[in-house]
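See structure below.
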Amino acid sequence: MTEEQRIELEAAAFRRLVQHLRSRPDVQNIDLMNLAGFCRNCMWKWLKAAADDLSIELSVEEAREEIYGMPYDEWKGKYQKEASPEQVAAFEKSSKK
C-alpha cells in the first residue's frame, strides 16, 4: 500500500465514523467518553489541531460543524441531555486514570 492509499483509506474511515456518529445523536457524548475515552468534542478538537498543524484556516465553529453536521448549539439543543449522576460519576472515575 502506498502512503497516498493509506491516507485515502484513513480519510474514508474517518468520514464513515463521522457519518455514523451523526446518525446516532441518541448516543450522548458523556457515554462515548465513559466507554471509549473520546467523543464528538474530541474529534472536532483533533480536526482543528490538524488544520492548525497544516496551516489550514478552520475556525472552532467550522470544525464543530464538520463533526456534528450542524451548528453545535443547534445539535446541543436538539440532542444533548443533562448527564445523570451515574454518568457524571463514571466520567469522573475514568478521568482520574
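Computed from the coordinates by the stated procedures, all read-outs in this text should not be read as laboratory data. Everything numeric here is computed off the predicted structure, so don't read it as measured data. Note: ideal-geometry Cβ built from the backbone for every residue, glycine included; neighbour counts use all protein chains shown.
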Next item on the list: Report the Stokes-Einstein translational diffusion coefficient (µm² s⁻¹, integer) for segment 3-95, Rh taken as the Kirkwood radius over Cα pairs, at 4 °C with viscosity 1.567 mPa s.
Entry: 90 µm²/s
Note to self: Can you give me the distance in nm between label points at Phe91 and Glu65, each placed 7 Å from the Cα along the Cα-to-Cβ direction?
What the structure shows: 2.6 nm
Next item on the list: For helix 85-95, report the angle its Cα long axis makes with the longest principal axis of the Cα atoms of the chain; keep it between 0 and 90° and round to the nearest 10°.
Entry: 50 degrees
Checklist line | Paramagnetic reach from Ala50 in segment 1-18 [backbone N under 16 Å; point 7 Å along Cα→Cβ] | finding: 3-18
Check: Can you list the aspartates and glutamates whose alpha carbon is less than 17 Å from that of Lys76, not counting same-chain residues fewer than 8 positions off?
Finding: Asp26, Asp31, Glu61, Glu62, Glu65, Glu66
Next item on the list: On a 0 to 90° scale, report how tilted helix 3-22 is relative to the longest principal axis of the chain, with both axes built from alpha carbons and the result rounded to the nearest 10.
Entry: 30 degrees
